[in-house]
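Shown next, in structure tokens, is the structure this report addresses.
Values quoted throughout were computed directly from the atomic coordinates according to the rules given, and no laboratory measurement underlies them. Owing to the predicted nature of the structure, the values given are computational and were not obtained by experimental measurement. So basically every Cβ, Gly included, is an ideal-geometry build from the backbone, and we count neighbours across all protein chains shown.
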Amino acid sequence: MKPCYIHSIASISAQETLNSDLFLRNVIEHESNMISAIRPNYKDFISPVASRRMATGVKMGVVTAKTALKEGGITQPDAIITGTGMGCIEDSEKFLNTIINNDEEYLTPTSFIQSTHNTVGAQIALGLECKSYNVTYVHGANSFEFALLDAQLMLHEATANTILVGGVDELGKKFITDYALLHDTQKVPFSEGAHFFTVTSEKQENSYATLQAVSCIQSIAVEEISSRVRDFLKNNNLSASDIDVVVLGNNGDEYDMYYSRLQDSLFKNALQLEYKHLCGEYYTASAFGLWGASKVMRNQIVPDALRINTIKKSQYKTILLYNQYKGEHHSFILLTAC
């Protein structure tokens, strides 16, 4: 498949990431088991009338999409592709609570209409008056990766030149709280965030990185993970020794054994990074990992907050991101220098 290029990026997370000049310079420590993203001043991006009708995930998505497009100097993308695990869970909860409280009578459709998973992509398109390809992927912890893979395929087939692709999830007020209580074995908190990227078919002067390959696998046994990584790298004419940086989705639960196996073998000589202790855990948290990896590639600087080990490299030319959740939805993203 033809390589494509990450041209611009934007992130809203539990850290101060929307300001592109700051790269995890002032890290915020979190002690709660649930943390909200740092809210920007939405009035700077969205009219108060429109903002009042938007759920948190929609507002975060619209802001990061606009920011990524502005940084890239793009007024109209050829496609908008979004990944989300839970969609607009806030409005889903509102609608379901109304059903219960009103005994299934006198229901207004507003919350139901706004609760659909493709609301974020739709609102971005409405704001841009973009009538091009617009798709939302919902596939657990691989939701963002499938959106990214779709973008890569479109650029490979030359059906688009510039694509806006992102991952968005919000906390909600009830469901995630209950879920957190049932899954309290992980050490990092549950959270939310929105991360958008513009990917292009041609390298630009300020491109962050080359998006070389994306691969998703539903389920892998721990004993197979090393061989699967080798196969992925071999398909891209690389070996484990060629990887300068490996970015891992450790969250402190029992399934970190997948990461440990790679840390102790294939990538023991690579710089190892992690990120979920900073952004929290949610279905599209891997998009935060890609945001961080893209910054590392272009700036050639690694914040201490990301480091697992102390290995140093003279240059960061090849970065591999690996993520999984509860032993399923494994993904590999390969970045190389432009």
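Here are the numbers for the structure shown:
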| read-out | value |
| --- | --- |
| Counted charge near Phe146, where neighbours are those whose Cβ lies closer than 15 Å (Asp, Glu -1; Lys, Arg +1) | -4 |
| Extreme residue, positive dipole direction of the chain, given options Cys130, Thr284, Gly140 (C-beta unit charges) | Cys130 |
| Environment charge at Ala79 (Cβ cut-off 13 Å; Lys +1, Arg +1, Asp -1, Glu -1) | -2 |
| Gyration tensor verdict on segment 209-336 (Cα atoms; rounded if a/c is under 1.5, prolate if a/b is larger than b/c, oblate otherwise) | rounded |
| Theoretical gain in end-to-end length, Thr75 to Glu224 [0.36 nm per residue, Cα-Cα removed] | 49.2 nm |
| Potential lengthening between Ala50 and Asn19 on full extension [0.36 nm per residue; Cα-Cα distance subtracted] | 8.8 nm |
| Over the chain: helical MRE at 222 nm, DSSP H runs n ≥ 4 each giving -39500 (n - 2.57), nearest 500 | -9500 deg cm²/dmol |
| Histogram of C-alpha separations across segment 4-200, 10 Å bin width, % | 9, 34, 36, 18, 4, 0 |
| The chain: antiparallel DSSP beta bridges as a percent of all, rounded to 5 | 65 percent |
| Cβ-placed point charges (K, R +1; D, E -1), dipole of the chain about Cα centre in debye, nearest 20 | 1000 debye |
| Packing-based exposure ordering (other Cβ within 10 Å, fewest first) of Ser8, Ser51 | Ser51, Ser8 |
| Unit Cα scatterers, Debye sum, the chain: log10 I(q)/I(0) for q = 0.09, 0.10, 0.11, 0.14 Å⁻¹ | -0.44, -0.55, -0.67, -1.10 |
| Residue among Gln263, Ser227, Thr318 farthest towards the positive dipole end of the chain, charges placed on Cβ | Thr318 |
| For segment 322-338 and segment 1-45, distance of Cα centres in Å | 19 Å |
| For peptides 254-264, 307-317, 65-75, sequence by mean Cβ density within 10 Å, most packed first | 65-75, 254-264, 307-317 |
| Student exercise, segment 188-261 dipole from Lys, Arg, Asp, Glu Cβ charges, in Debye to nearest 20 | 240 debye |
| Student exercise, segment 209-336 dipole from Lys, Arg, Asp, Glu Cβ charges, in Debye to nearest 20 | 540 debye |
| Proxy reagent accessibility, fewest Cβ within 10 Å first, across Thr136, Thr336, Thr198 | Thr336, Thr136, Thr198 |
| Segment 209-336: antiparallel DSSP beta bridges as a percent of all, rounded to 5 | 65 percent |
| Neighbour net charge for Ser51 - beta-carbon separation under 15 angstrom, K R +1, D E -1 | +2 |
